[in-house]
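Undergrad: Structure in structure tokens, see below.
Rule-based calculations on the coordinates, nothing more; no lab input. Just so it is clear, the structure is predicted and the values come from calculations on it, not from any experiment. Virtual Cβ from ideal backbone geometry, glycine too; neighbours counted across all protein chains shown.
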Amino acid sequence: MNQDVNKNQSIFFNNIELLCKIGVYEHERKNPQRVIVNLKLILSNEVSPKNDKIDETLNYDIIYKKIKDISSSQHFNLVETLANQIFKYLQSLNKISDLTVSVSKPDIYQDCKEVGYEISSFKN
């Protein structure tokens with residue numbers, strides 16, 4: 001029996017903490033704010049690291065650097081805009097079949113751990 005049938009491979013990033021120029025209110029525009037980025041990337045069936053070579057999989061170092069580049073590229077009014085830019089970049093990669101991106105702001109309310117936005121290509 002082929003062990004590769006019906007397997008799901010994913011790469012995930014949990015709680016990437018970045019300083020980002022984000023927000024619509026005057027007090028948010030004065031200083032960069034902390035944002036938390038989480039990613040779940042389902043790899044396409046063609047990705048199969050059989051020979052222990054980086055080019056056989058998705059190099060997460062490239063993704064990490066691109067997320068940092070996107071988040072520092074401009075002032076974002078909305079977390080939705082930042083999440084959508086990250087989503088569009090990841091969606092353009094051939095080795096990803098499905099993905100989820102969430103961006104949250106952990107310092108908005110004292111009695112709430114995070115407020116954020118999530119976008120996903122997964123079917124419900």
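Undergrad: Which value in deg cm²/dmol, rounded to the nearest 500, describes the helix-derived mean residue ellipticity at 222 nm for the chain, given -39,500 (n - 2.57) per DSSP H run of n ≥ 4 and division by the residue count? Present the calculation step by step, with values, prior to reporting the outcome.
TA: On the way: 3 runs with 30 residues, N = 124.
Only helices count here, giving -7000 deg cm²/dmol.
Undergrad: Moving on to the next point. Report the local net charge at Gly116: Lys and Arg +1, Asp and Glu -1, summed over other residues whose C-beta lies under 14 Å from its C-beta.
TA: Numbers: positive: Arg34, Lys105, Lys113; negative: Glu17, Glu80, Asp107, Glu114, Glu118.
Summing Lys and Arg as +1 and Asp and Glu as -1 gives -2.
Undergrad: Amide H neighbours of Asn77 under 5 Å, at least 5 residues apart or on other chains, H built in the peptide plane: list them.
TA: Sorted by chain and number, the residues that satisfy this are Gly23.
Undergrad: I've got another one for you. Which percentage, to the nearest 5, of the DSSP beta bridges contained in the chain is antiparallel?
TA: Numbers: 23 of 24 bridges.
Looking only at bridges with both residues in the chain, the antiparallel portion is about 95 percent.
Undergrad: Taking the Cα centroid of segment 45-61 and of segment 62-103, what is the distance between the two, rounded to the nearest whole Å?
TA: Measuring centre to centre over Cα atoms gives 21 Å.
Undergrad: How large is ³J(HN,Hα), in whole Hz, for each residue of segment 9-22 in order, when computed from phi with the Karplus curve 6.51 cos²θ - 1.76 cosθ + 1.60 and θ = phi - 60°, using x for Gly and Pro?
TA: Per-residue couplings from phi come out as 10, 9, 10, 9, 10, 10, 6, 6, 9, 10, 8, 9, 7, 8 Hz.
Undergrad: Please report the net charge: other residues with Cβ closer than 11 Å to the Cβ of Lys40, K and R +1, D and E -1. Could the numbers behind the result be given before it?
TA: On the way: positive: none; negative: Asp98, Glu118.
Net of charged neighbours comes to -2.
Undergrad: Taking the Cα-to-Cβ direction at Ser48 and at Gln74 and moving 7 Å from each Cα, how far apart do the two end points lie in nm?
TA: It is 4.1 nm.
Undergrad: Would you mind classifying the chain by shape? Square roots of the alpha carbon gyration tensor eigenvalues, ordered a ≥ b ≥ c; an a/c under 1.5 is rounded, otherwise it is prolate if a/b is larger than b/c and oblate if not.
TA: On the way: a/c = 2.74, a/b = 2.18, b/c = 1.25.
Prolate is the answer for the chain, as a/c is 1.5 or above and a/b outweighs b/c.
Undergrad: Rounded to the nearest 10 degrees, what's the angle between the helix 79-91 long axis and the longest principal axis of the chain, both from Cα atoms, 0 to 90?
TA: Helix 79-91 and the main axis of the chain meet at about 20 degrees.
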